[in-house]
Amino acid sequence: MILLSALYLAQGLPYGFFTQALPVLMRDAGHSLTVISLSSWLFIPWALKFIWAPYVDRVGNRKHWLLWLQLATLIGAVLLAGLDLSQTLWPLFFALLAFNFLAATQDIATDGLAVILLGSRERGLANGIQVGAYRIGMVLGGGLLLWVYAQRGFATMFLAMALLLAICTLPLLGLRLPPKTVAASPHRVHPGSWWSRLRRPGIPTLIGLLLAYKFGDSMGASLIGPFMRDQQLSLAQIALLKGTLGSLSGLAGAALGGLLAFRLPRRRVLLLGGVMQSLSLAPYALAATGAGGGFALIASATIAEHLFGGIATVALFALMMDACEPEHAGADYTLLASAVVICQGLAALAAGLIADLAGFAPMLTLSVLLSLIGCWVLLRALDRGRGPATLQHSWQTPARRAAQ
């Protein structure tokens, strides 16, 4: 659990900076919301990682993959610290693409390791830890590092990122892989391996349901940083909201989500998390109308967004792990995770276009409605037995009983 926490936190650090802090800096520099939303497409490695996931599953072993990937990310942060980024953000965009490729590949190895090592009963708690650690990484990257930038500039900020990544790498040194996690012969891998995983009965349906569940929430959440800046919040205030409040709320949500996913059927936790996650965007929409509330209203929305988002994410990740076959753990989970990333990219683009054309209030209101509809669609379909057969046992059955 310590190892998985460190690895997911390491993913969240650069991801948090590039998704939370960078949009604020871009908005501060005068970029339009459409341009800011288009930068989300630099996360394309997360959407395409299913293509090389079979290689990570079958070539070498996961410890070697993880060590080299962590080292490469650390070196990348140190190199960025030596660049003069005060005049242009273009080097950051190239770095974003490279960091995403490394982090996406690290995620394949980490998720595969988690699926293999964890039983059905453990997945709820483990995903609570996973989401909590990842959110801490995002908060550190989007909150703490933004604060460091405001105080000391780009160079110190990236050195701080490198130090945190180095600390996260330490638990890897003691990893001892059981024989079953050692990869098979590379000769069994071919470029179209992912296609056979996509053709599994029920997988295309599940992917569509995941897109429905995540689109509305992702659309609203994608521009919260620029929205805060447009509301005249200072960088220090944004760092406080995304740092202290976001961190505590995200941790509470991940812990509560892990406990609920351990004790209750997947359906019940996804219903609770999905509905409340959708409604958590409503205070942002209200603030965007100028109805009043100011900083306090936005702060309450931040708490709710991270708390209920943590619960929903834990339940969704556990559901995705339930759908995987152990012998293809990394490839199966990566395929589903890639679909979620594609959904987030499309949602971010839609958010930027709508917000530029109509404003933040209509975009956020629409995101609440779409998120509620998506939650209903997923629950309704899985209640009717749609999706992979491997889901049915845990869908209506408490995790403790499903593991017996």
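The values are calculated or read from the model by the stated rules, or taken from the named source; none is laboratory data. Computed from a predicted model, the values in this text were never measured in an experiment. With ideal geometry, Cβ positions are generated from the backbone for all residues, glycine too; neighbour counts draw on all protein chains shown. Side chains included, ligands, DNA and RNA excluded: accessible areas come from the protein's heavy atoms. Shrake-Rupley method; radii C 1.70, N 1.55, O 1.52, S 1.80 Å.
Got a number for residues in segment 24-34 being in contact (Cβ under 8 Å) with a residue 24 or more places away in the chain, open to solvent by 10 Å² or more (accessible area, probe 1.4 Å) and not basic (Lys, Arg)? Qualifying residue count, segment 24-34: 5.
Taking segment 199-232 as the range and being open to solvent by 10 Å² or more (accessible area, probe 1.4 Å) and either part of a loop (DSSP other than H, G, I, E, B) or modelled with pLDDT under 85 (or both) as the test, the residues that pass are ARG199, ARG200, PRO201, GLY202, SER222, ARG229, ASP230, GLN231, GLN232.
Being among the aliphatic types (A, V, I, L, M), farther than 22 Å from LEU211 by Cβ and surrounded by fewer than 22 Cβ atoms within 10 Å (Cβ to Cβ): is that true of LEU272 here? Walk me through it before giving the result.
Values: among the aliphatic types (A, V, I, L, M): yes; farther than 22 Å from LEU211 by Cβ: no; surrounded by fewer than 22 Cβ atoms within 10 Å (Cβ to Cβ): yes.
Against the criterion (among the aliphatic types (A, V, I, L, M), farther than 22 Å from LEU211 by Cβ and surrounded by fewer than 22 Cβ atoms within 10 Å (Cβ to Cβ)), LEU272 does not qualify.
Residue pairs whose Cβ atoms lie under 6 Å apart, separated by 6 or more positions or on different chains, with the first residue in segment 375-404 and over 20 Å from ALA126 (Cα atoms) and open to solvent by 70 Å² or more (accessible area, probe 1.4 Å) and the second at pLDDT 70 or above and not acidic (Asp, Glu), are ARG386/THR205.
Among the listed residues GLY258, GLY273, which satisfies the condition of being of a type in the set (Gly, Ala, Ser) and more than 22 Å from LEU369 (Cβ to Cβ)?
Working: GLY273 fails: more than 22 Å from LEU369 (Cβ to Cβ).
Criteria check complete, one pass: GLY258.
Here are some residues: ALA282, ALA318, ALA288. Which one is more than 18 Å from MET138 (Cβ to Cβ) and in contact with a Phe, Trp or Tyr (Cβ under 8 Å, 6 or more places away or on another chain)? Lay out the reasoning, then the answer.
Working: ALA282 fails: in contact with a Phe, Trp or Tyr (Cβ under 8 Å, 6 or more places away or on another chain); ALA318 fails: in contact with a Phe, Trp or Tyr (Cβ under 8 Å, 6 or more places away or on another chain).
On inspection, the qualifying residue turns out to be ALA288.
If you go through segment 46-70 and keep only what is part of a loop (DSSP other than H, G, I, E, B) and surrounded by fewer than 23 Cβ atoms within 10 Å (Cβ to Cβ), you end up with ILE51, TRP52, VAL59, GLY60.
Per-residue answers, yes or no, for (1) at pLDDT 80 or above; (2) under 29 Å from ARG229 (Cβ atoms); (3) aliphatic (A, V, I, L, M):
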{"residue": "GLU327", "(1), (2), (3)": "no, no, no"}
{"residue": "ALA331", "(1), (2), (3)": "no, no, yes"}
{"residue": "ALA348", "(1), (2), (3)": "yes, yes, yes"}
{"residue": "ALA351", "(1), (2), (3)": "yes, yes, yes"}
{"residue": "ALA361", "(1), (2), (3)": "yes, yes, yes"}
{"residue": "SER371", "(1), (2), (3)": "yes, yes, no"}
{"residue": "THR390", "(1), (2), (3)": "no, no, no"}
{"residue": "TRP395", "(1), (2), (3)": "no, no, no"}
{"residue": "PRO398", "(1), (2), (3)": "no, no, no"}
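Applying a threshold of 7 Å to beta carbon distances and a minimum spacing of six or more residues, or different chains, the list of pairs starting in segment 127-140 at a residue that is buried (at least 24 other Cβ atoms within 10 Å of the Cβ) and ending at one that is at pLDDT below 80 and of a type in the set (D, E, K, R) reads VAL139/LYS242.
Among the residues making up segment 361-371, those that are surrounded by fewer than 24 Cβ atoms within 10 Å (Cβ to Cβ) and in contact (Cβ under 8 Å) with a residue 12 or more places away in the chain are ALA361, THR365, LEU366, VAL368, LEU369, LEU370.
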